[in-house]
Amino acid sequence: QVQLAESGGGLVQFGGSLRLSCAASGSIFRIASMGWHRQAPGKPREWVTTITNDDTTNYSDSVKGRFTISRDKVKNMAYLQMNNLTPEDTAVYFCFTQSQESPLAPIRPYWGQGIQVTVSS
C-alpha cells in the first residue's frame, strides 16, 4: 500500500499564501505522477494540478498562474504553493498519486485524507 499524508493547511486571509506538502510512504516502486484535487462545501471534487515523473505540470484554469506544484523525487514529496488566495479556494485539498507498488504491479491511484484550506474575505 501507498500512504499519502498532507500538511500545511489552515486559515489564511484573502490574497495570502499557503504551502501544502504531501508525503508518500509505504510500498513504493515508482511514482508516475502526483497532484492535488480539492472539494469545496456542497460541490464535487475537482482536479487542481498534476506533476508527472518527467516534471510536466498541468493546472486547472481556476488556479493557473497562482498555484505552483513541485516535487522532491528523493523524498517522495509533492508541494503546492498557493498564492493570491481567494475565498473561492476554500476547500479540502486531497493529495493523490498514480504509483506502482512493485515492478509487476499495475499503476493505480492513491489518495490522502485531505487537509482543510480556508480563505477569509
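Every number here is computed from the coordinates shown, using simple stated rules; none is lab data. Everything quoted here is computed from the prediction, not taken from an experiment. Ideal geometry is used to build each Cβ from the backbone, glycine not excepted, and the neighbour counts take in all protein chains shown.
Subtracting the Cα-Cα distance from 0.36 nm times the residue separation, let me have the gained length for ASN84 to SER102 in nm, one decimal.
Length difference between fully extended and current span is 2.5 nm.
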Low-density loop cleavage sites - trypsin sites (Lys or Arg not before Pro) in segment 15-102, where at most 13 other Cβ are within 10 Å (DSSP) | LYS64, LYS73, LYS75
The lysines whose Cα lies under 23 Å from the Cα of LYS43, excluding any fewer than 8 residues away in the same chain, are LYS64
Distance from segment 81-100 to segment 1-47 (C-alpha centre basis), Å = 5 Å
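Could you give the length gained on full extension between PHE29 and THR68, defined as 0.36 nm per residue of separation minus the Cα-Cα distance, in nm?
Extra length available between PHE29 and THR68 comes to 11.5 nm.
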